[in-house]
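Reading through the structure tokens given below for one structure.
The values are calculated or read from the model by the stated rules, or taken from the named source; none is laboratory data. In this text, all values refer to a predicted model and were calculated from it rather than measured experimentally. When we count neighbours, we look across all protein chains shown, and the Cβ atoms used for this are built from the backbone with ideal geometry, even at glycine. Calculation scope for accessible area: heavy atoms of the full protein, side chains included, ligands and nucleic acids excluded. Shrake-Rupley method; radii C 1.70, N 1.55, O 1.52, S 1.80 Å.
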Amino acid sequence: MIPYGKQNISDEDIQAVVDVLRSDFLTQGPVLPAFEKTVSAYCGAKHAVAVNSATSALHIACMALDVGPGDLVWTSPITFVASANCARYCGADVDFVDIDPRTFNLCAERLAEKLQRAEQSGRLPKVVIPVHMCGQSCDMEAIGRLAKQYGFRVIEDASHAIGGTYKGKKVGGCDYSDVTVFSFHPVKIITTGEGGMALTNDVELVKRMARLRSHGITRYPAEMTAPPDGPWYYQQIGLGFNYRMTEIQAALGMSQMSRLDEFVTQRHSVAARYAELLKNSPVSTPWQHPDAYSSRHLYVIRLQGPGGMALRREVFERMRASGIGVNVHYIPVYRQPYYARMGFDPADFPAAEQYYAEAITLPLFPDLTLEQQQAVVRSLTSPVGYQTLF
Ligand SMILES: *Cc1c(COP(=O)(O)O)cnc(C)c1O
């Protein structure tokens, strides 16, 4: 089976992990702050908080922004469920903004329309979570402008997008957002096994997120309610979690960071080869917005023939049967039973529905060979397959 995504682990990565295993600290040592510094410097953000997953990062970002019961958080319906679940952890309500059919990202125009209606009904969101689908940045300038106009905060779910740029600057700099979140799950651009990070330029937010990652505890006298009882002293300021990343994970992430640009370049080569192999086929290949340089996390094609869902299902089943690990990213979140129970109407999200009927993710990772790609395209377009369905 050719998987849809796969990590690249070098001898240097392995050595970096072994070095930590032979050191004094397996957690809460010197490598984690070094990893945070490396990522924040790369992205041009002032601060970073590494945690055990992007899901945890999204959760503490929402908490740091005081998301709670009665609040409303909006995100894209075409995302992994974690982008919405973080609001539910805080007791907030979730709603979705339909996607741009070209980029599959939360659409800034639909957002503007929905905000206008929400203002009239007095139910504006506290936080909006745009998701950089497939590694291509959302229209952050427009979203940032709306955030100022309507007074909501912005968390970028950039789980797909480390190494990408927007208007010439690295994703993660938080120029138009309060917090940006990355995932280091093995299918993503760089990996720590499991792991995530929250970046921000706001010193208050970084302090809050750092406490929330570790039980709500601080050891800084300046953050305490009273002078320390002694050098042993710490205070639990609020209710936090154990969301810490280990030194073992941070060492792997640190080592992976040195190849981040190389990974993204390799991903672009793979995408360019697909575009070439598919140029005479009827499938539509991913469109790239001129403002964004994608990190190319996912290669999503659309089968826009007659037959809709039935066609996609047939192609999907045949490709899986021939050992191609195709996938669908994503089932619209409002279709998940947990969210459907809240009363969403799929008809309110026509672009997401259309996307879901047509999308297939082809394998894409740095080490994917031309031969493997040819096998993928053969399976997709073979005479017994897609072309005969037209
Ligand atoms: C992978 C992913 C997450 C969750 O990341 P974890 O590190 O696995 O928690 C969140 N949002 C999006 C868009 C993702 O792709």
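Quick check for you: with a 1.4 Å probe and neighbouring chains kept, what is the accessible area per residue of the chain, in Å²? Can you show the working numbers first?
Values: 16710 Å² over 390 residues.
On a per-residue basis, 43 Å².
Looking at 243, 197, 334, which one has the Cα that reaches farthest to the positive end of the dipole of the chain (charges on Cβ: Lys, Arg +1; Asp, Glu -1)?
Value: 334.
Within straight cross-link reach of residue 207, meaning Cα distance under 16 Å, which lysines are found once same-chain residues fewer than 8 apart are removed?
37, 46
Which one, 316, 165, 116, is farthest towards the positive end of the dipole of the chain when Lys and Arg carry +1 and Asp and Glu -1 on their Cβ?
Projecting each Cα onto the dipole axis, the largest value belongs to 316.
Could you tell me how many degrees, from 0 to 90 and to the nearest 10, lie between the Cα long axis of helix 247-257 and the main elongation axis, the longest principal axis, of the Cα atoms of the chain?
The two axes meet at around 50 degrees.
Using alpha carbons only, how many angstrom separate the centre of the range 184-260 from the centre of the range 1-57?
13
Name the shape class, rounded, prolate or oblate, that the alpha-carbon gyration tensor gives for the chain, where a ≥ b ≥ c are the square roots of its eigenvalues, rounded holds for a/c under 1.5, and otherwise prolate holds if a/b is larger than b/c and oblate otherwise.
Values: a/c = 2.17, a/b = 1.33, b/c = 1.63.
Verdict is oblate for the chain.
Return the lysines within reach of residue 114: Cα separation strictly under 18 angstrom, same-chain partners fewer than 8 residues apart disregarded; answer none if there are no such residues.
126, 148
Calculate the dipole size of the range 206-252 relative to its Cα centre from +1 charges on Lys and Arg beta carbons and -1 charges on Asp and Glu beta carbons; express the result in debye to the nearest 20.
Values: 6 positive and 3 negative charges, 36 e Å.
With only Lys, Arg, Asp and Glu charged at Cβ, the dipole is about 180 debye.
Please name whichever of 84, 35, 52 sits farthest to the positive end of the charge dipole of the range 11-257, dipole taken about the Cα centre and charges placed at Cβ: Lys and Arg +1, Asp and Glu -1.
Of the candidates, 84 comes out farthest on the positive side.
Taking the Cα atoms of the range 1-98, what is the range of coordinates along each of the three principal axes, in descending order and whole Å?
Dimensions of the range 1-98 along the principal axes of its Cα atoms: 49, 39, 25 Å.
Angle check, please: helix 108-120 long axis (alpha carbons) against the longest principal axis of the chain (alpha carbons), in degrees 0 to 90, nearest 10.
60
Excluding ligands and nucleic acids, what accessible area in Å² is computed for residue 237 using a 1.4 Å probe, to the nearest 10?
We get 70 Å² for residue 237.
Which order do 100, 229 take by accessible area at a 1.4 Å probe, largest first?
Numbers: 100 25, 229 105 Å².
From most exposed to least exposed: 229, 100.
Arrange the residues 117, 273 by how much accessible surface each exposes, largest first, with a 1.4 angstrom probe.
Details: 117 140, 273 75 Å².
Solvent-accessible surface, decreasing: 117, 273.
In whole percent, how big is the carbon plus sulfur part of the accessible area of the chain, probe 1.4 Å, protein atoms only? Present the calculation step by step, with values, prior to reporting the outcome.
Values: 8810 of 16710 Å².
The value for the chain is 53 percent carbon and sulfur by accessible area.
Counting Lys and Arg as +1 and Asp and Glu as -1, each charge on the Cβ, what is the dipole of the range 11-257 about the Cα centre in debye, to the nearest 20?
Numbers: 23 positive and 27 negative charges, 72 e Å.
Computed about the Cα centre, the dipole is about 340 debye.
Measure off 7 Å from each Cα along the Cα-to-Cβ vector at residue 342 and residue 276, then give the distance between these two points in nanometres to one decimal.
Once both label points are built, they end up 4.5 nm from each other.
Which ³J(HN,Hα) values, rounded to whole Hz and listed in residue order, are derived for the range 196-201 from phi using the Karplus coefficients 6.51, -1.76 and 1.60 in 6.51 cos²θ - 1.76 cosθ + 1.60 with θ = phi - 60°, glycine and proline given as x?
Running phi through 6.51 cos²θ - 1.76 cosθ + 1.60 with θ = phi - 60° gives x, 8, 10, 10, 7, 9 Hz.
State whether the range 240-313 is rounded, prolate or oblate according to the following rule on the C-alpha gyration tensor (a ≥ b ≥ c being the square roots of its eigenvalues): a/c under 1.5 gives rounded; otherwise a/b larger than b/c gives prolate, and the remaining case gives oblate.
prolate
For a quick protection proxy, order the peptides 205-212, 162-169, 53-60, 333-340 by their average other-Cβ count within 10 Å, most packed first. Write out the running numbers ahead of the final one.
On the way: 205-212: 23.4, 162-169: 19.9, 53-60: 26.9, 333-340: 16.1.
Going from most to least packed, we get 53-60, 205-212, 162-169, 333-340.
Sort the range 151-192 into rounded, prolate or oblate with this rule: let a ≥ b ≥ c be the square roots of the eigenvalues of the Cα gyration tensor; rounded if a/c is under 1.5, and if a/c is not under 1.5, prolate when a/b is larger than b/c, oblate otherwise. List each step's numbers first, then the result.
Details: a/c = 3.34, a/b = 1.55, b/c = 2.15.
Cα axes put the range 151-192 in the oblate bin.
Once the Cα atoms of helix 31-43 and of the chain are each reduced to a long axis, what angle between those two axes, in degrees from 0 to 90 to the nearest 10, is obtained?
60
What does the charge dipole of the range 260-381 about its Cα centre add up to, to the nearest 20 debye, if the Cβ of each Lys and Arg holds +1 and the Cβ of each Asp and Glu holds -1? Write down the numbers at each step before the final one.
Values: 12 positive and 12 negative charges, 67 e Å.
Charge dipole of the range 260-381: 320 debye, to the nearest 20.
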